[in-house]
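Before any comments, here is the structure.
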Amino acid sequence: GGKRRTDFEDISNIPNDDQSKVSETVRNWRKEHDIQTAGNCPDPFLRFEDAPIPPPVMDAIRHAGFQTPSVIQAQSWPAALQGRDVVGVAKTGSGKTLGFLFPGFLHIQQKRADPRAGPVLLVLAPTRELATQIQDETVKFGRTSGINSTCVYGGAPKGGQLRDLRNGAHVVIATPGRLNDFLESNQVNLNQVSYLVFDEADRMLDMGFEPQIRKILARIPGKRQTLFYTATWPKEVRRLASEFLEKPVICYIGNTDTLQANKDVTQIIYVVDERSGEKMHRLHEILRNEGQGSRIIVFCSTKKMCDMLERDLGRMFPCAAIHGDKDQHQRTRTLEAFKAGHCAIMIATDVAARGLDVKDVRAVVNYDFPSNTEDYVHRIGRTGRAGAKGNAYTFFTRKDANKAGGLIKVMERSAQEIPPELRAMAGGRQDFGSSMQFSHGGGG
């Protein structure tokens with residue numbers, strides 16, 4: 001646990017490692033993948049053969065079709081296997097789950113603890129979608145090694161989750177809210193946790209889970225190994241990491257100080273009139289052009305808008321909405337149908353889609369522009385994954401004008417074509433100070 005300190009020993013002050021000290025192969029590899037390390041980070045495992053992966057886990061990896069470790073795996077496995085605390089700051093976490101699971105499995109096997117006395121490995125994740133996704137991977141890679149796991153999250157009955165805990169789970173994947181409920185009613189014991197993972201730590205803070213996280217950590221032994229993954233590295237995230245990690249290795253993957261959109265995604269911006277039916281008309285056009293059966297995610301800023309679109313689009317296209325008011329059963333069903341391709345169009349809010357990993361999403365449509373550029377980058381990152389190309393269509397209206405500058409910066413960094421209307425909006429914005437009126441032809 002710990003009291004709230006205003007001044008903290010910021011671990012981002014740990015000096016970066018001197019890359020001239022490493023072999024040329026490693027230096028080139030880190031350069032190619034835009035990786036900085038700190039805290040005396042060991043050399044990466046560039047091939048699966050370099051890592052002490054048990055044969056059953058290796059079989060599952062080969063079966064899943066992986067040829068070489070992903071960047072985050074290659075760079076965090078060596079430190080994790082040495083028992084060190086690890087911070088991974090990475091925009092997109094391809095392969096991240098296995099990045100923390102495989103060293104965790106070995107840790108569990110070394111500990112030989114009785115899981116009925118409580119879990120050894122605890123993963124904290126922001127949403128039930130992400131938690132169940134991690135659970136799926138844990139089953140896929142851990143089952144053959146005899147590792148039991150369970151998932152603990154809100155919005156679903158407590159009975160089954162408690163039964164799994166009582167029967168003994170080596171690995172518990174939990175959202176902070178539900179786990180904290182179980183702790184407060186003394187239904188779970190975390191005294192055996194010696195390997196702790198924060199996944200999407202920044203997102204958990206955004207969602208207001210800090211009080212629950214603190215309560216949970218007050219119940220976990222201080223003598224433990226902690227892995228901490230985050231897409232962004234602002235002050236409050238650094239404070240959390242600085243407080244709960246001990247002399248970590250830090251891997252900064254990709255450009256972490258600025259928002260970097262994936263270059264495999266083509267960003268297409270339509271400056272539209274909010275009041276006319278232009279958005280709906282364009283949306284129909286996009287859905288027709290992207291072709292039947294292509295998986296597409298449409299983002300809206302409100303649950304109400306999601307439901308309205310689901311109604312309107314549903315007459316022409318098979319689609320389903322996913323947001324916080326849907327119960328767990330509906331959300332799971334929608335997600336399964338989307339993954340399987342039965343229902344190719346998913347309409348979602350930001351919270352529902354954070355951390356969502358669905359293969360082959362062909363396009364993303366921002367029906368409403370998100371509240372900040374960071375969410376924009378996160379949304380469009382749902383497509384163009386694992387080397388595939390994708391399209392991101394965005395409807396931008398006058399009320400979004402104050403975000404035009406930030407959007408242009410993100411687009412320029414990933415070498416995208418910027419429509420003159422958007423530039424005019426960014427220019428026009430300054431002329432009008434804070435008032436939101438636009439005269440035609442103003443600015444530019």
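The values are calculated or read from the model by the stated rules, or taken from the named source; none is laboratory data. The structure displayed is predicted, hence computed values, not measured ones. Cβ sites come from the backbone with ideal geometry, for glycine too, and all protein chains shown count toward neighbours.
Here are the numbers:
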{"quantity": "Residues within region 373-410 that are assigned to a helix (DSSP H, G or I) and over 15 Å from the mean Cα position of the chain (by Cα), tallied", "calculated": "14"}
{"quantity": "The one condition in (1) in contact with a helix residue (DSSP H, G or I) (Cβ under 8 Å, 6 or more places away or on another chain); (2) assigned to a helix (DSSP H, G or I); (3) farther than 23 Å from Glu200 by Cα; (4) of a type outside the set (S, T, N, Q) that Cys343 fails to fulfil", "calculated": "(2)"}
{"quantity": "Positions within region 243-270 being out of contact with any Lys or Arg (no Cβ under 8 Å at 6 or more places or on another chain), at pLDDT 90 or above and surrounded by fewer than 19 Cβ atoms within 10 Å (Cβ to Cβ), in sequence order", "calculated": "Glu246, Ile268"}
{"quantity": "Residue list for region 298-315, filter: part of a helix (DSSP H, G or I) and closer than 13 Å to Val365 by Cβ", "calculated": "Met305, Cys306, Leu309, Leu313"}
{"quantity": "Selection count, region 90-131, where residues are under 25 Å from Asn186 (Cβ atoms) and within 16 Å of the chain's Cα centre (by Cα)", "calculated": "6"}
{"quantity": "Checking Tyr270 against (1) more than 30 Å from Ala117 (Cβ to Cβ); (2) in contact with a helix residue (DSSP H, G or I) (Cβ under 7 Å, 6 or more places away or on another chain); (3) part of a helix (DSSP H, G or I), the condition it does not meet", "calculated": "(3)"}
{"quantity": "Identity of the residue in region 75-113, modelled with pLDDT of 95 or more and part of a loop (DSSP other than H, G, I, E, B), that ends up nearest to Phe338 (Cα to Cα)", "calculated": "Asp85"}
{"quantity": "Single residue of Gly168, Gly177, Gly146, Gly118 found to be closer than 19 Å to Leu217 by Cβ and free of Cβ contacts under 8 Å to residues at least 60 places away in the same chain", "calculated": "Gly177"}
{"quantity": "Residues within region 285-297 that are surrounded by 15 or more Cβ atoms within 10 Å (Cβ to Cβ) and part of a helix (DSSP H, G or I), tallied", "calculated": "2"}
{"quantity": "Failed condition for Val365, given (1) buried (at least 22 other Cβ atoms within 10 Å of the Cβ); (2) touching a Cys at 6+ places or on another chain (Cβ under 9 Å); (3) at pLDDT 90 or above", "calculated": "(2)"}
